[in-house]
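Structure record follows, encoded as structure tokens.
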């Protein structure tokens, strides 16, 4: 799905030339890093190995793959590629760490480590922001927002580490019943390329706070911030084996995680199609617990009585934020007939004023798409839209001739049954449909297999309440969009997923309930 250079392995002759002691030294090399020069002229040291048992190591087969800067189409560096045997090593380390004080000791100690990690990430915020922008193509402003949310969410998780209490259940004086929440064990986590560091925190935060250990695969297109943050995790006091990062590809590394017999839970964020495969693999291996945050085709509903200027900005944020690479993007825009012409005119003007280009330019709102394949996919949907009879309002073209940039794109006259209306495009691409009544808007909005998010724009509380109650979506934003808070749960209905990220609900994903029922000898009081 992503552009990358061919994975490189050491030649057989090179491997044969290594003496056993040298081979061992290679596998645990301390030189698995590269000095990266950022577009600002600043430099930083980028870890490039796998992170297993608190050490950066080469993969056992010595394979690497290239990481591309989507703004320049140039290679940033190569990183180690994990194969199934490397996943085995990571699971060995994670399993050993799970059977230690990390999981069975004072939960407050886990909280302290997560607080330390948040503090270190705050100290390294500028570097982390630059890494996200360099690796993903998102603007510095978007990346800075991501890192800020990461820091706040880790602190939120740290605060809950020692507050996940059990209960005593009274069934009469003959028994003592304790109900406690316990960690699951080794958790496999597979994250996407659109929010690399944010998804890293959404996965590891609740997993570590509740005493689990982790084997995490970042997206092959964007592994750099996960590896850099692993270095900070070690510095923060995360014990060896608790957090392991295995960069690689879905068909090898991801499959090894999904099917591993000693991984007790798998969490995945990505496409619905891949989520279905992971769910099947989890069931057929060892019936892992599964949480999935999947695709979306979210409805953004504009009513006649909306605040027009604020609504225009919310529509733009809803679909063009993060270059449109947002699973909950408000990509189906429904506009009530009485305000339709006004919104279309103002929206077109505003969208055409969006600056697209170098994500390190503070004036740029929309950076690059993350890969050549993603750019080609979006342009393919432009042609589909034209063929299906929708009207191209604006955009629909590549921006420049270097880097994966595209002009913000809107189609009007989109109808159910059209590919651009039904399918997740995952780019700065919105479709617009007119409606007359709230019930008509609800019918259109809910007629989808997705149910991740939705937006409502109205000044009428009655309308907002009526519509929000009836939308089949896990998050409903009213007079805002793509507006996240670490204490508010996020996740989907229908084929948009299982489970919730952030908020208190996220801890349910990483704990299981144990009942301890003790028979009490009630004759004690009669004994001498």
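The values are calculated or read from the model by the stated rules, or taken from the named source; none is laboratory data. Since the model is a prediction, treat every value here as computed from it, not as a measurement. Here the Cβ positions follow ideal geometry from the backbone for every residue, glycine too, while neighbour counts run over all protein chains shown.
Things worth noting here:
- Within the range 350-378, the residues that satisfy the criterion of being surrounded by 18 or more Cβ atoms within 10 Å (Cβ to Cβ) and under 12 Å from residue 428 (Cβ atoms) are 351, 356, 365, 366, 367, 368, 369, 374, 375, 378.
- Filtered residues of the range 493-508 (kept if within 13 Å of residue 154 (Cα to Cα) and either assigned to a helix (DSSP H, G or I) or touching a residue at least 24 places away in the same chain (Cβ under 8 Å) (or both)): 501, 502, 504, 506, 507
- Close pairs from the range 384-403: first in the same structural domain as residue 71 (by TED's automatic domain parsing), partner assigned to a helix (DSSP H, G or I) and surrounded by fewer than 16 Cβ atoms within 10 Å (Cβ to Cβ), Cβ under 7 Å, at least 6 apart: none
- Restricting attention to the range 260-280, the residues that are within 22 Å of residue 193 (Cα to Cα) and either out of contact with any strand residue (DSSP E or B) (no Cβ under 8 Å at 6 or more places or on another chain) or surrounded by fewer than 17 Cβ atoms within 10 Å (Cβ to Cβ) (or both) add up to 4.
- Condition check for residue 484: at pLDDT 95 or above, in a loop (DSSP other than H, G, I, E, B) and in contact with a strand residue (DSSP E or B) (Cβ under 9 Å, 6 or more places away or on another chain): yes
- Tallying residues that are under 22 Å from the mean Cα position of the chain (by Cα), farther than 15 Å from residue 155 by Cβ and surrounded by fewer than 23 Cβ atoms within 10 Å (Cβ to Cβ) within the range 82-123 yields 0.
- Every residue from the range 145-170 that is part of a loop (DSSP other than H, G, I, E, B) and crowded, with 22+ Cβ neighbours inside 10 Å: 161
- Residue that is part of a loop (DSSP other than H, G, I, E, B) and not assigned by TED's automatic domain parsing to the domain that holds residue 132, where the choices are 329, 350: 329
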